[in-house]
Amino acid sequence: MTQQTKEISKLRTWDAENVLHPWENTASVHDDTRTFVESGDGIYVTTQTGAKLIDGPGGMWCSQIGHGRAEMGKAMAEQATRLGYYSPFNNSNATAARLAQELAARTPGDLNTVLFTTGGSTAVDSAIRFVQFRNNVLGRPQKKKIISRQKAYHGSTYLAASLSGKERDKGWMDQASDLVHFLPDVNPFRRPDGMSVADFLAEKVNDLDAAIIELGADNVAAFIAEPILASGGVIVPPEGYHRACLDVCRKHDVLYISDEVVTGFGRLGHWFASEKVFGIVPDIITSAKGMTSGYVPMGACIIADHLVADTVAAGKDATFSNGFTYSGHPVSAAAALMNIEIFERDNLLAHVQSVTPQFQARLQSLRELPLVVDARGMGLVGCIECRAEPKDTDALTADYDVGGRIDAHCQDLGLLVRPIINMCVVSPPLIITPKQIDEMFDILAEGIRRTTADLEREGLFSAA
Ligand code: PLP
């Protein structure tokens, strides 16, 4: 064993014995086969064994400006040296104040009140807690139910997880079920045979209207929706869905929370997608991930001024007891400001808009592969959904790990993808060039071909 192999093996043991990873399964709790990613440069990351891979998932939909930006390191180091931390509870810091103003300048409507959080889950948590607080202050404590959707993902704190509608995540975990009502899947790919997309859209909007009526508008506080359901499999609702849902919310005095943790910060070619892509001005936007391009943790819950104003106007001397030690952390805020500076200097939003047609065309061309049953996406996010046939018990198991199989082949070929059951997601750093987009999809196509050949060999799929 070489010195380097010994070192890697020691680290693997520590990782397996001492780290409980997110979404750890009891069957793999001491798994020591994870890929260690050690460094990054642009759209590439390098593993501990020296393999250089395209970062297909962009970390976790967050590495917008790409890896290894010296300016980010410098901005954070300067801030840490000047002021590494101070409490946001009774004090403030200039860097966070500057960032709040920059965010407010980029949000739609009067969404100018920024509550800084530590990430996406805490941003969602804070949004819900604000909505509850406001209704208590306005003297309607029964108006508390939140409407969410099947396949939604809003985070992993108790409250954010309770709003998440991915069935696989619920089996072994508790949720605040009484608080939440889930609407059926909005994926047009799953609509009944023979139903038009227009009819499907009408049905989905009616699902929201009917749910509010059934629960009683006096009991429903808010509807929360990702513009595109990201972790649920990049589900793009039919065109016009968000606009129509906002109208339903307005009709019933229900607030609309747009969870832009993934769609914000350039993923769809704009700072925020709610207004620019989907034509809505929601009441609250939640953001995280791309805000710092993943360099340090930070999130924000951005609230419409008029909601704060009427809460204040109620004159109740009420304290909104919500916030975090690290709300508006100066080092994270410095990273977020530098992130914005890089976006603007490098014209990143315009770049995303210009390469999106190529990205989406390459994604759609994967439909030609017999294993692929759907390809969907928007901006620089895409997902392919696969099917293993024939449908017997073994095939069902294969369905579940087909995404993982494709990822394994892609890693051999120089690309990391994000497997989700029978799907694979790509949301690369936004700096990806046209040539690199071709390189990424060429590898993905080959990874799918190799997986198809494996499944055929094992009798789990037939392309014929
Ligand atoms: N909201 C959405 C739409 C997300 O995709 C995620 C994470 O993937 C979250 C919230 C939670 O963010 P975090 O993991 O930073 O808490």
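Scanning the stretch 217-244 for residues that are more than 16 Å from the ligand (Cβ to nearest atom) and touching a Pro at 6+ places or on another chain (Cβ under 9 Å) gives a single hit, 238. Looking across the stretch 425-464, the residues that are under 22 Å from the mean Cα position of the chain (by Cα), more than 16 Å from residue 368 (Cβ to Cβ) and not β-branched (Val, Ile, Thr) come down to 427, 428, 429, 430, 440. The residue pairs whose first member lies in the stretch 22-45 and is under 16 Å from residue 69 (Cα atoms), whose second member is among the polar types (S, T, N, Q) and not in a strand (DSSP E or B), and whose beta carbons are closer than 8 Å, counting only pairs six or more residues apart or on different chains, are 38/48; 40/63; 43/436.
Residues in the stretch 147-156 that are among the hydroxyl-bearing types (Ser, Thr, Tyr) and either touching a helix residue (DSSP H, G or I) at 6+ places or on another chain (Cβ under 7 Å) or away from the ligand (no atom under 16 Å from the Cβ) (or both): 1 in all.
Scanning the stretch 42-85 for residues that are assigned to a helix (DSSP H, G or I) and under 22 Å from residue 233 (Cα atoms) returns 58, 59, 60, 61.
Would it be correct to say that residue 204 is touching a helix residue (DSSP H, G or I) at 6+ places or on another chain (Cβ under 8 Å) and either more than 30 Å from residue 324 (Cα to Cα) or within 13 Å of the ligand (Cβ to nearest atom) (or both)? Yes. On the stretch given as the stretch 351-373, residues that are in a helix (DSSP H, G or I) and touching a residue at least 40 places away in the same chain (Cβ under 8 Å) total 11.
The residue that is surrounded by the most Cβ atoms within 10 Å (Cβ to Cβ), counting only those in the stretch 338-372 that are within 21 Å of the chain's Cα centre (by Cα) and farther than 15 Å from residue 270 by Cα, is 359. Going through (1) surrounded by fewer than 15 Cβ atoms within 10 Å (Cβ to Cβ); (2) under 21 Å from residue 226 (Cβ atoms) one by one, residue 172 falls short only on (2).
Scanning the stretch 1-26 for residues that are part of a loop (DSSP other than H, G, I, E, B) and closer than 30 Å to residue 157 by Cα returns 19, 20, 21, 22, 23, 24, 25. Inside the stretch 252-276, can you point out the residues that are within 11 Å of the ligand (Cβ to nearest atom), in a loop (DSSP other than H, G, I, E, B) and acidic (Asp, Glu)? Passing the criteria: only 260. Yes or no: residue 350 within 16 Å of the ligand (Cβ to nearest atom) and within 19 Å of residue 430 (Cβ to Cβ)? Considered against the rule, which asks whether it is within 16 Å of the ligand (Cβ to nearest atom) and within 19 Å of residue 430 (Cβ to Cβ), residue 350 comes out as no.
Of all residues in the stretch 159-171, one or more are among the basic types (Lys, Arg) and outside any loop (DSSP other than H, G, I, E, B).
Residue count for the stretch 422-443 satisfying the condition of being in contact with a helix residue (DSSP H, G or I) (Cβ under 8 Å, 6 or more places away or on another chain) and of a type in the set (Lys, Arg): 0. Looking across the stretch 103-146, just one residue is more than 16 Å from the ligand (Cβ to nearest atom), assigned to a strand (DSSP E or B) and over 27 Å from residue 343 (Cα atoms), and that is 145. Of the residues making up the stretch 394-437, those that are without any contact (Cβ under 8 Å) to a residue 40 or more places away in the chain and outside any loop (DSSP other than H, G, I, E, B) number 12.
The numbers here are math on the coordinates, done by the rules we state, and not lab data. Remember, predicted model here, so these are calculated numbers, not experimental data. So basically every Cβ, Gly included, is an ideal-geometry build from the backbone, and we count neighbours across all protein chains shown.
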